[in-house]
Amino acid sequence: MIKKYKKTLILTSVVLLIPVIVGLLLWNKLPDPMPSHWNIHGEVDGWSSKPFAVFGFPCILLALHWICVLASSADPKAKDYHPKMFHLVLWICPVLSLVLNALVYTTALGYPLDVEIIMPLLVGLMFIIVGNLLPKCRQSYTMGIKLPWTLHNEENWNKPHRFAGFLWVICGVAIMLTGFLGSFWIFLPIALLMVIVPVLYSYLLHRKGL
């Protein structure tokens with residue numbers, strides 16, 4: 001699996017480290033410490049040292065990126081992955097690296113972006129993309145609704161994933177709207193709904209013999 005996507009893996013790893021290059025170019029202009037965490041109201045409530053902000057965050061995401069790729073590739077059912085699902089795994093961390101470090105740098109330089117709008121839009125868009133891909137997700141041990149009964153029965157796998165795909169798109173749109181309504185606090189209830197409802201649906205199908 002890694003050999004098949006070797007070029008993309010190299011590209012995404014390079015993209016992940018672009019913020020390090022930007023940080024080095026801006027080094028003398030960046031303050032120490034730098035903002036590194038925001039509350040639900042978009043206010044900075046956490047700070048990190050400049051070296052950690054510039055080098056630490058991208059390197060942590062790079063490590064997470066490789067862990068996700070290696071874990072997905074080690075799945076016995078990896079050969080059955082839909083190509084778009086694996087591309088999603090390859091690009092989630094690089095995109096996060098660019099967006100999150102852009103927020104850190106712009107805020108540190110005195111040009112803060114509206115986190116209350118950007119984060120709901122980013123998270124909501126990610127859920128919409130995942131929602132569109134869930135119906136294409138095939139049985140595996142690393143992607144999708146991984147329960148004993150969904151892994152045992154293909155129909156029990158397919159029906160909840162089609163349902164979850166529709167639900168995740170709707171919830172993704174709702175989360176994006178919270179950015180403009182100033183109600184990002186409802187993110188947690190929505191996220192719980194997105195997880196619990198498809199699981200309950202798959203369990204009910206299991207109880208019916210699927």
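The values are calculated or read from the model by the stated rules, or taken from the named source; none is laboratory data. Since the structure is predicted, the reported quantities are computational estimates derived from the model, not experimental observations. All accessible areas refer to the heavy atoms of the entire protein, side chains included, with ligands and DNA or RNA removed. Shrake-Rupley method; radii C 1.70, N 1.55, O 1.52, S 1.80 Å.
How would you classify the range 54-177 from its alpha-carbon gyration tensor, with a ≥ b ≥ c the square roots of the eigenvalues: rounded for a/c under 1.5, else prolate if a/b is greater than b/c, otherwise oblate?
Details: a/c = 3.56, a/b = 1.59, b/c = 2.23.
Oblate, since a/c reaches 1.5 and b/c is not below a/b.
Nearest 10 degrees, 0 to 90: what angle lies between the long axis of helix 187-207 and the longest principal axis of the chain (Cα atoms)?
The angle comes out near 20 degrees.
Rank 200, 100, 134 by mean-square fluctuation in a GNM of the chain with C-alpha springs under 10 angstrom and give only the top-ranked residue.
Sorting by GNM fluctuation, first place goes to 200.
How large is Rg/Rh for the range 73-122, to two decimals, with Cα atoms and a Kirkwood Rh?
1.22
Under the classification rounded if a/c is under 1.5, otherwise prolate if a/b is larger than b/c and oblate if not, where does the chain fall, given a ≥ b ≥ c as square roots of the Cα gyration tensor eigenvalues?
Because a/c hits 1.5 or more and a/b fails to exceed b/c, the chain counts as oblate.
So what is the calculated 222 nm ellipticity per residue for the chain, using -39500 (n - 2.57) for each DSSP H run with n of 4 or more, over all residues, to the nearest 500 deg cm²/dmol?
Working: 8 runs with 136 residues, N = 210.
The helix-only estimate for the chain comes to -21500 deg cm²/dmol at 222 nm.
With angles folded into 0 to 90 degrees, how steeply does helix 57-74 sit against the dominant principal axis of the chain? Use alpha carbons for both and round to 10.
Relative to the chain, helix 57-74 is tipped by roughly 20 degrees.
Working from Cα positions, state the angle (0 to 90°, nearest 10) between the long axis of helix 154-181 and the longest principal axis of the chain.
30
Can you tell me the accessible area per residue over the chain, all protein chains present, probe 1.4 angstrom, in square angstrom?
Result: 55 Å² per residue.
Carbon and sulfur: what percent of the range 51-210's accessible surface (1.4 Å probe)?
74
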